[in-house]
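Worksheet: one structure, shown below.
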Amino acid sequence: TAEEPAAVRMSDLGMKMDLPRPEMFDFHGVTMVHYFTDSWDKVQNFQARPDDILIATYPKAGTTWGSLILDLLYFGKTSPERQTSIPIYDRVPFLEIYIPSVKSGIDQAESLPTTPRIIKTHFPVQFVPKSFWEQNCKMVYVARNAKDNMVSYFHFDRMNMVQPDPGDWNSYFHRFMEGKLVFGSWYDHVNNWWKKKQTYSNIHYMFYEDMIEDTGREIDKLCSFLGLSPSAEEKNQITGGVQFDNMKKNKMANYSTIPVMDFKISPFMRKGKVGDWKNHFTVAQNEEFDEDYKKKMKDLTLQFRTEI
Ligand code: PPS
């Protein structure tokens with residue numbers, strides 16, 4: 001019998017992968033695709049360590065931005081070579097990803113040599129493996145306003161072959177409101193993580209819009225949550241390095257080395273703005289959206305800005 005090809009890191013493939021676009025299905029009440037459920041048992045049994053840091057987001061809310069900030073805060077000074085040699089998706093593995101012939105997120109996380117290990121997830125809060133809670137791990141949640149989040153996700157689904165085909169904008173817009181996109185409902189995601197923060201104090205809840213408004217201020221808040229005190233010089237360097245234009249140019253942060261995305265359709269670092277939804281939503285869609293939003297977002301302590 002033919003042996004399974006050895007699993008390699010995405011970044012080592014060095015060629016485009018031709019993967020079939022997956023179908024969505026209901027998984028424990030959440031819309032998912034098999035690339036993020038195939039290693040479910042292993043993921044659920046993952047042994048977190050007390051100093052692991054989980055960065056959690058609904059897709060396209062600022063995961064990569066938050067990941068790079070964390071990586072720089074912990075390792076920017078001690079291992080500068082990381083920044084120029086290891087893509088961000090290998091430095092901060094994606095816990096639940098499982099693509100045949102590629103090293104799974106779980107295997108990558110388990111073999112991370114760093115302390116702390118910084119691990120990314122898009123799971124809704126109820127899917128997070130229990131050891132993270134038992135170990136009282138620090139978690140950084142980044143949330144982005146629904147309208148820009150939807151637009152960013154639409155363009156991502158157009159260019160990423162491990163995502164289902166998004167179809168046309170109007171149908172995508174309705175599927176977003178119905179919570180029928182991969183990783184489920186944006187509304188449930190942001191609300192349930194927000195609720196969890198009330199009982200689990202080791203969650204730092206950040207907003208993409210705040211990061212755009214004042215990246216330095218948000219890095220300061222993050223540092224006080226993490227108990228870090230970088231020098232002013234180090235902080236300035238990090239703040240500069242994670243500005244959109246710099247990340248877009250940075251091959252180790254802009255996903256240009258990943259084999260499943262087609263940047264000719266849309267780049268990963270697309271616009272990086274608050275308010276791009278205005279270029280996509282029609283007036284009628286905006287009214288329909290706002291009406292529905294009020295019904296779904298009952299917790300008025302959770303407020304998003306759709307412009308700044
Ligand atoms: S993913 O695939 O879920 O991990 O994507 P994620 O990183 O969460 O989100 C990608 C969007 O974040 C934007 N981005 C940034 N915006 C501003 N500043 C910085 N530094 C930055 N880095 C990434 C990226 O451009 C995507 O948003 P859109 O609106 O599509 O441009």
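Throughout, read-outs are computed from the coordinates displayed, never taken from laboratory work. Since we're looking at a predicted model, the values are computed, not measured. Cβ sites come from the backbone with ideal geometry, for glycine too, and all protein chains shown count toward neighbours.
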Sorted by average packing, counted as other Cβ atoms within 10 angstrom per residue and highest first, what order do 185-194, 57-66, 79-88 take?
57-66, 185-194, 79-88
Check: the stretch 25-111 dipole with +1 on Lys, Arg Cβ and -1 on Asp, Glu Cβ, in debye
280
With a point put 7 Å past each Cα toward its Cβ, work out how far Q243 is from D51 in nm, to one decimal.
3.3
Assertion target for D168, D292, ordered by fewest C-beta neighbours within 10 angstrom first, is D168, D292
Which whole-number percent is the relative contact order of the chain (Cα, under 8 Å, 6+ apart)?
26
Let's see if you can work this out: charge +1 on each Lys and Arg Cβ, -1 on each Asp and Glu Cβ, no other charges. What is the dipole magnitude of the stretch 1-154 about its Cα centre, in debye to the nearest 20?
620
Between T84 and K273, how many nm apart are label points set 7 Å from Cα along the C-beta direction?
3.4
Simple SL model, points at 7 angstrom along Cα→Cβ for D299 and S131; separation in nm is 2.8
Distance from the stretch 63-84 to the stretch 133-165 (C-alpha centre basis), Å
20
Between the stretch 250-276 and the stretch 26-49, the Cα center-to-center distance that results, in Å:
26
Once the Cα gyration tensor of the stretch 220-276 is diagonalised, what are the square roots of 5 times its eigenvalues, in whole Å and ordered largest first, as equivalent ellipsoid semi-axes?
28, 13, 11
Can you tell me how the stretch 1-148 classifies by the Cα gyration tensor, rounded, prolate or oblate, using a/c under 1.5 as the rounded cut?
rounded
Take the alpha carbon gyration tensor of the chain, find the square roots of its eigenvalues, order them as a ≥ b ≥ c, and report rounded if a/c is under 1.5; if not, report prolate when a/b exceeds b/c, else oblate.
rounded
Extension gain K180-I265, at 0.36 nm per residue separation less the Cα-Cα distance, in nm?
28.3 nm
Kirkwood Rh and Cα Rg combined as Rg over Rh, evaluated for the stretch 52-93
0.97
